[in-house]
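Step one of this worksheet: look at the structure below.
Computed from the coordinates by the stated procedures, all read-outs in this text should not be read as laboratory data. The shown structure was predicted, so the numbers you read here are calculated from the model rather than taken from an experiment. Here the Cβ positions follow ideal geometry from the backbone for every residue, glycine too, while neighbour counts run over all protein chains shown.
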Amino acid sequence: MLFWIIILVIFVLFLAEEIFFTKRLQGKYKQRRKQLLNEYASLNKKESEHKRQVDDLDSILSERFLFYDTARKIAPILDKKELFSVFAEELKYLGHIEKVEIGVSSKKAKGLRFGLGKDSKDILYVETKSKAVAEHIPYFVKLLRLCLERIKLYEQLQQMSIYDSFTKVYTRRYFMLRFLEEFNRAEKFSLNLSFLMLDVDHFKKINDTYGHLVGDAVLREVARLIRENTREIDFVARFGGEEFSVILPETDKAGAIMMAERISSRISRERISVFDEILTVNISVGVSSYPQNSIHSDVLIEVADKALYKAKLSGRNKVCWF
C-alpha cells in the first residue's frame, strides 16, 4: 500500500512539474508570438509608409514631367486661341478632370475659377473631384499666365515694328514689304496698282513759326485724314519726315488721281486746332500706276516721287502724274 502511495506521489510531482514547465513554455510562446506579431505589424507599417512615400514621389515626378512637357509645348505658341486649346488638352493629363473651359466670366460656369491676368477678361474653369488635381492646377495656371504675358509683349513688339508710334500709320519698312507683295500680286494676276507720294507743303515754315510741337500735331492730323479718306484695302505709311505714301491695290491711274484729289481737298478744308493756334495746311501729291508708268516696282516709286517734285515746282497744293 505504501508503495502505491509513493508511486502516486511521484506521479503527481512529475505531473505538476510537467504542468509548470508547460505553462512556462506557453507563456514564453505567447510572449514570443506577441513579439513576432508586433515586429510583423511594425514591418507592415514601415512597408506601407515606404509604399506611400514611393507613391507620393511617383505622383510628384509625374506632375513635374507633365509640367515640363506642357511648358515645352505651349511656350512657342504666339496665338491665344491655339494656346488655350493646347493647354486645355494638356491639363487633362494631370488627373481626373471632367471639363476644362476658357472664356469670359460666367455665373453659370461650374468648378474652379482662375483669372488669367489683370488686363484679361478670360477665366479658366476646371471641373474636377480630385484633391490632388486641384492642388496642382495653380502651378499650371501660373505657366499659362506667363505664356499670355509673352504673347502680349510679342504683339506690342509687332505693333512697334509695324506702326509708326508717332502718326499711327505703317512704318516705311513694313510698308515696303507690303508694297512688294501687292506689286507681285498685281503682276501675277494682271491687276492694276497705284502708288501715291504725299508731302505737307511749307512744313518747315510751320515748325519755324509755331514750333515743333505744333508741327508734330499737324503731322498726326494729316496722317489721320489720309487714313479716313482711303479704303480698308489701302496701305498708308509715313515715308519719312513730312512725307506719306499710299498703296492703292487694284486701282488704275484715273482712280488713283481721284483718290489723291479727294485726300488733298479734305486736308485743305480741315481746320487743325493745336494749343491756341488754328491752322490750315495743304499737300502736294505725286501719282504713279502699274503697268502704265512702269513694270518695275522700284521705278514705280521713283515715278511717283518725280510727280511729287513736279507738283512742288508747279506751285504746291497740286496732284501731278506722268
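In debye to the nearest 20, how big a dipole does the stretch 126-222 give about its Cα centre with +1 on each Lys and Arg Cβ and -1 on each Asp and Glu Cβ?
Working: 15 positive and 13 negative charges, 99 e Å.
Its charge dipole is roughly 480 debye.
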Pseudo-spin-label distance Q292 to R262, built 7 Å along Cα→Cβ, given in nm, is 1.7
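Once fully extended, how much extra length lies between R172 and S273, figured as 0.36 nm per residue of separation less the alpha-carbon to alpha-carbon distance? Working shown, then result.
Numbers: separation 101, 0.36 × 101 = 36.36 nm, distance 2.74 nm.
Length gained, R172 through S273: 33.6 nm.
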With a point put 7 Å past each Cα toward its Cβ, work out how far E98 is from N282 in nm, to one decimal.
7.4
Using 7 Å Cα-to-Cβ label points, what is the L180/M160 separation (nm, one decimal)?
2.4
Using the structure shown, list the pairs from K188/K312; K81/K168; K168/K312; K168/K253 with a Cα-Cα distance above 31 Å, or answer none.
K188/K312
Amide H neighbours of S194 at under 5 Å, excluding residues fewer than 5 places away on the same chain, with H built from the backbone geometry, are L248, E250, T251, Y290
Between Y139 and D216, what FRET efficiency comes out of the Förster formula 1/(1 + (r/R0)^6) with R0 = 51 Å and r the beta carbon distance, rounded to 0.05?
0.60
Evaluate the charge dipole of the stretch 172-321 about its Cα centre and quote only its size in Debye, nearest 20, assuming +1 on the Cβ of each Lys and Arg and -1 on the Cβ of each Asp and Glu.
160
To the nearest Å, what is the center-to-center distance of the stretch 251-322 and the stretch 127-181, using C-alpha atoms only?
37
Taking a ≥ b ≥ c as the square roots of the eigenvalues of the Cα gyration tensor of the stretch 72-161, is the shape rounded (a/c under 1.5), prolate (a/b larger than b/c) or oblate?
prolate
